[in-house]
Amino acid sequence: MPATAPLMPIASDSEDAQPESEIDAPSPLPQPPASIVLTPLLGTTTNAHMHTLTNLYASQIATLAWHSDPSTRDPVVVGLALKRGGSESDDPTLTEEERRAYFSIMALVKGGLDQLQPRRP
């Protein structure tokens with residue numbers, strides 16, 4: 001992402017919140033910027049569904065990393081390995097189980113990034 005691209009603030013209004021679902025997202029996630037560039041370094045996905053899922057994880061993790069320290073715009077490299085399985089179709093729609101896992105993992109990533117930040121008095 002170019003250093004001049006603005007980062008959108010995390011939505012806090014209920015209007016901008018995640019769509020209603022059976023899943024309760026712990027907190028709103030920042031939207032990945034349109035200027036994000038995803039480049040696979042090793043391996044490929046087996047179908048369109050896994051391609052969508054992999055890109056979703058990588059772009060959101062990178063966005064969380066950028067938002068964790070807005071004073072820097074260093075490049076972010078995300079290493080990601082997903083278990084094969086789930087949908088074998090080319091339908092990019094995520095299942096409820098995949099959505100739950102996604103929000104759980106994003107909460108873990110966000111918590112880990114928060115722990116890396118120095119405490120402010």
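The values are calculated or read from the model by the stated rules, or taken from the named source; none is laboratory data. Computed from a prediction, not measured in an experiment: that's the story for all the values here. Here the Cβ is made from the backbone with ideal geometry for all residues, glycine too, and neighbour counts use every protein chain on show.
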Residue by residue through segment 56-74, note down the ones that are under 17 Å from THR39 (Cβ atoms) and modelled with pLDDT of 85 or more.
LEU56, TYR57, ALA58, SER59, GLN60, ILE61, ALA62, THR63, ALA65, TRP66
If we keep just the residues of segment 58-77 that are crowded, with 18+ Cβ neighbours inside 10 Å and of a type in the set (Val, Ile, Thr), which is farthest from ALA101 (Cα to Cα)?
THR63
When you check LEU53 against the structure, is it more than 19 Å from LEU116 (Cβ to Cβ), hydrophobic (A, V, I, L, M, F, W, C), modelled with pLDDT of 75 or more and assigned to a loop (DSSP other than H, G, I, E, B), yes or no?
no
